[in-house]
1. Identify, from the list A:Thr519, A:Thr524, A:Thr509, the residue that is in contact with a helix residue (DSSP H, G or I) (Cβ under 6 Å, 6 or more places away or on another chain) and surrounded by fewer than 20 Cβ atoms within 10 Å (Cβ to Cβ).
2. Do any residues in the range A:56-85 that are more than 13 Å from chain B (Cβ to nearest Cβ) have Cβ atoms under 8 Å from those of residues that are acidic (Asp, Glu), where the two are at least six apart or on different chains, and which pairs are they?
3. Going by what's in this entry, would A:Leu401 be described as under 27 Å from A:Val14 (Cβ atoms) and in the same structural domain as A:Gly55 (by TED's automatic domain parsing)?
4. When you check A:Phe336 against the structure, is it at the interface with chain B (Cβ under 10 Å from one of its Cβ atoms) and either over 22 Å from A:Ala499 (Cβ atoms) or not in a helix (DSSP H, G or I) (or both), yes or no?
5. Considering each of B:Ala38, B:Ala45, B:Ala31, B:Ala65 in turn, give the residue that is surrounded by 14 or more Cβ atoms within 10 Å (Cβ to Cβ), free of Cβ contacts under 8 Å to residues at least 24 places away in the same chain and more than 8 Å from every other protein chain (Cβ to nearest Cβ).
6. Collect the residues in the range B:73-92 that are touching a helix residue (DSSP H, G or I) at 6+ places or on another chain (Cβ under 6 Å), among the small types (Gly, Ala, Ser) and over 22 Å from A:Ser330 (Cα atoms), keeping them in residue-number order.
7. Might you let me know whether the range A:99-122 holds any residue that is buried (at least 24 other Cβ atoms within 10 Å of the Cβ) and at pLDDT 80 or above?
8. In the range A:55-79, how many residues are among the small types (Gly, Ala, Ser) and more than 27 Å from A:Val364 (Cβ to Cβ)?
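The values are calculated or read from the model by the stated rules, or taken from the named source; none is laboratory data. Just so it is clear, the model here is predicted, and its values are computed rather than measured. Neighbour counts run over all protein chains shown; Cβ positions are idealised from the backbone, glycine included.
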Amino acid sequence: MIPDPSALAIAVFVSFVLFTLALSFYLGRKTRSAAGYYTAGGGVPWFVNGVAFAGDYLSAASFLGICGMIAFYGYDGFLYSIGFLAGWVVALLVIAEPLKRLGKYTFADALDKAFNSRGIKLAASISTLVVSVFYLIPQMVGAGVLIRPLLGLPHWAGVCIVGAVVTLIVATAGMASTTWVQFIKGGLLVLFAAGLTVMILQRGLKADASAESLQPQTVTILPGGKKLVNGLPQGRGEGETELRPVGHISKLPDGASETGPLNPDEFLGTLRDSEVNLWAAKTVIADDGTKTTTYTPKPTSGADVLRPGNSPTFKGIQGDSILAKLNFVSLMLALFCGTASLPHILIRYYTVKDAAAARKSTVVGIATIGGFYILTLFLGLGAMTGGNLDVTNSNMAAPLLAKSFGTWPFALISAVAFTTVLGTVSGLIVAASGAIVHDLLGGTFKMTLTDSAKVRIGKLSSVGVGLIAVVLGIVFEKMNVNFLVGWAFSVAASANLPALVMLLFWKRTTAAGIVASITVGMLTSLGWILLSGDTFKDVYGLSPEQSPVPFSQPGIVTIPLSFAVLVVVSLMGRRRGA
Amino acid sequence: MPDLDHAPAPVEPRDPGTERRNARIGLILFAVYLAFYAGFVLVNAFAPSAMDTVLPGGLNAAVIAGFALILGAFVIALLYARLCRKPHGVSK
């Protein structure tokens with residue numbers, strides 16, 4: 001691992017976490033009732049709430065996954081940025097306001113208000129739980145990825161630390177603290193990203209034509225678990241070696257060796273006319289179990305870097321296969337529809353006093369998030385050309401980029417990224433425990449609970465969900481963070497969006513229709529993902545050709561299917577009842 | 001003792017006329033954005049080479065379109081917040 005733990009980084013990191021916790025405890029003392037726990041009493045100022053949207057939404061995937069994907073493959077990572085942001089338009093213009101008018105805390109409550117049906121409560125609360133847990137997995141994996149090089153601890157330790165801290169925040173304080181924590185964190189993340197972008201532009205672009213920068217690198221894992229790097233044991237002692245940091249421009253336009261400071265426009269223009277060294281990885285497993293991964297430099301024109309279709313995920317769009325193109329369209333559809341369907345985003349819509357304030361906070365949220373996503377392109381490309389990439393791990397691109405500017409930027413960015421994870425995870429745990437307390441216990445099983453019992457059970461379920469998230473975060477260590485987020489968005493969009501949209505816009509929607517739509521959307525999208533070629537390859541270790549589904553992303557099939565089921569079941573129910 | 005669990009977040013006075021009007025504005029703006037987004041996705045999927053075109057200013061179509069979609073989301077949100085009215089009977 002390239003970055004070694006530094007005392008300064010650890011000190012900054014620990015202070016940050018302690019500050020967050022202290023704030024959470026302080027604000028938590030003001031929160032006593034169930035209403036306060038879940039929605040901060042409807043009294044959060046709209047500007048704060050808007051930036052807190054950004055704190056919720058800019059998750060580990062946004063920050064680590066997108067920057068890493070851009071750093072390794074170019075424009076394709078930016079497609080995620082575009083899709084994640086576009087989803088906000090659906091949330092704001094179609095869903096948010098009518099939902100706010102229904103005046104309920106959770107997705108399940110809002111759906112239930114129109115029908116008072118136990119079936120709806122059950123289906124909606126299960127789907128909220130499933131989506132929350134799926135979205136928690138990439139956050140926890142991201143936490144482990146961050147902790148390992150920052151503090152020199154193993155992956156599982158990072159996951160456990162995040163799980164413990166977040167569960168503590170949620171179980172002691174609840175939503176009021178998380179809104180303010182999210183505000184601080186969302187604001188800081190965007191400010192630091194802007195600062196890094198300025199540093200990237202100031203540094204400009206440099207060419208590295210040395211022979212060493214074109215040497216392939218290997219990582220070998222011997223049957224006993226011993227790790228060799230470029231043929232030597234990994235480490236910093238004598239006779240040991242570490243991977244060489246990578247990420248260089250091999251040729252600048254007109255043979256220049258460096259450009260000096262650039263403006264954003266010149267940065268992208270110069271990069272387009274340059275040639276960049278990207279790295280291709282290939283893993284071979286020998287008969288005795290020795291696993292060797294070879295990383296080979298692949299000089300790529302800047303024009304290719306700035307066009308779609310350069311990554312393994314999206315390369316299908318440059319070919320002729322219709323299915324590969326549909327796979328891309330399907331993912332972009334799921335990103336578009338997924339935002340409005342995420343349970344933790346909807347809850348934050350209830351924390352301001354009226355619809356006008358909610359609209360204003362969404363505008364602030366979109367501005368903050370959009371600004372950040374524009375910066376991701378520069379951060380990613382800066383990391384691609386900044387000479388400090390870890391060739392084995394794209395998720396580390398953003399923190400390592402910061403490290404190339406010195407220990408302070410590295411320490412600060414790592415701390416903010418870590419609190420980003422904390423924030424997103426706490427929002428999800430609140431949503432999940434809300435689903436358990438309000439909908440499963442109160443709604444489906446008709447348990448009568450006192451206010452203090454509700455808060456107590458809410459806290460207990462937070463701890464439970466936190467534990468599950470920790471376990472899954474350890475189990476899924478090897479999986480790509482963006483891939484996991486894609487799962488969560490697809491399931492959320494298929495299960496929740498049709499029910500929400502039709503409830504708000506189609507008067508003949510029935511309770512049975514909503515239950516059927518949530519159930520079918522959730523099960524088909526889950527099933528499709530579990531049977532997809534990507535899952536066969538990355539999870540089960542099977543050949544993707546054995547997969548029974550034609551392409552990996554379910555959205556383009558399961559979202560319309562869930563709509564259709566809702567309409568058909570609603571119409572049939574009407575006829576029988578009439 | 002009110003059932004805090006189901007006490008709604010503060011509810012505004014209902015005004016069906018304004019609500020309908022706001023919802024219509026939302027859907028129109030949504031349709032506009034949807035058209036741009038769908039166009040972007042379809043061009044990427046079925047004519048990716050068009051995204052290579054270098055536009056005046058020296059950036060390619062892919063980068064310009066990406067920035068435009070992100071800025072566009074903000075502009076649409078701002079327009080929506082401007083055009084929507086508060087329910088009748090609320091001061092300000």
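1. Selected residue: A:Thr519, the only one of A:Thr519, A:Thr524, A:Thr509 that is in contact with a helix residue (DSSP H, G or I) (Cβ under 6 Å, 6 or more places away or on another chain) and surrounded by fewer than 20 Cβ atoms within 10 Å (Cβ to Cβ).
2. These pairs meet every condition: A:Met69/A:Asp76.
3. Yes.
4. So A:Phe336 fails the test.
5. Of B:Ala38, B:Ala45, B:Ala31, B:Ala65, the one residue that is surrounded by 14 or more Cβ atoms within 10 Å (Cβ to Cβ), free of Cβ contacts under 8 Å to residues at least 24 places away in the same chain and more than 8 Å from every other protein chain (Cβ to nearest Cβ) is B:Ala38.
6. The answer is B:Ala77, B:Ala81.
7. yes
8. 3
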